[in-house]
Amino acid sequence: MTVRVDRSFELSAPPERVWDFIADPANRAQSISVVDEYTVTDSAGRHVTWHVELPIPLVRRTVRVETEDVTRNPPEYVKFVGDSSVLHVTGEHEIVETETGSRLENHFTVDGKLPGVEQFFKRNLDDELENLRYELERDLQTTQ
């Protein structure tokens, strides 16, 4: 089973400012509650290893998810993929300029490789995107 969530946020910041946050893979990793820690593995910041703790019965250890930004079109679009022994994730963030600032359109797909992974993300993926929105808005407030 594949889980997909599409969600957008209206922001009162210019696209370039939203890009500064969303293009940074560390910001994306920090916003996900199940990412216990992460390591940026290249100087360009395109490759990041997430260490994910999933509260499901078959996963008793931290899962290593190798992520890569496969497409970056500043300041409007970034797509990343991540792969591990328990899941494959694809995330896309598109920034659209609006009359009052920007809209961040988010598209996430998670394919579980073990029982329970899809159910976890089906229940929690929308909350994870809410975490991303919260962290982005907090960052915008502290740096404006």
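Here the calculated FRET efficiency for GLU130 and ASP83, from their Cβ-Cβ distance with R0 = 30 Å, stands at 0.75, rounded to the nearest 0.05.
Ligands, DNA and RNA left out, the accessible area of segment 1-139 computed with a 1.4 Å probe is 45% carbon and sulfur. Taking the helices alone, the chain has a mean residue ellipticity at 222 nm of -9000 deg cm²/dmol, built from -39,500 (n - 2.57) per DSSP H run of at least 4 residues and averaged over all its residues. Relative to one another, the C-alpha centroids of segment 110-139 and segment 1-70 are positioned 10 Å apart.
Can you tell me how much longer the chain between SER12 and THR143 gets when fully stretched, taken as 0.36 nm per residue apart minus their C-alpha distance, in nm with one decimal?
Here the answer is 45.9 nm.
With all protein chains kept in place, the per residue accessible area of the chain amounts to 52 square angstrom at a probe of 1.4 angstrom.
The equivalent ellipsoid that matches the C-alpha gyration tensor of segment 84-144 spans semi-axes of 29, 13, 9 angstrom, in descending order. Based on the convex hull around the alpha carbon atoms, the chain presents an average projected area of 8.1 nm². Taking all protein chains together and rolling a 1.4 Å probe, PHE120 ends up with roughly 10 Å² accessible. When peptides 89-95, 55-61 are ranked by their average number of other Cβ atoms within 10 Å per residue, the highest-first order is 89-95, 55-61. Computed from the Cβ-Cβ distance with R0 of 35 Å, the FRET efficiency linking GLU99 to ARG64 stands at 0.20. The label-point distance for HIS107 and GLN30, in a model that sets each label 7 Å from Cα toward Cβ, rounds to 2.8 nm.
The values are calculated or read from the model by the stated rules, or taken from the named source; none is laboratory data. On a predicted model such as this, the values are computed, not experimentally measured, just so you know. Note that we place each Cβ from the backbone using ideal geometry, even for glycine, and neighbour counts take in every protein chain shown. Just the protein is used for accessible areas: all its heavy atoms, side chains included, with ligands, DNA and RNA removed. Shrake-Rupley method; radii C 1.70, N 1.55, O 1.52, S 1.80 Å.
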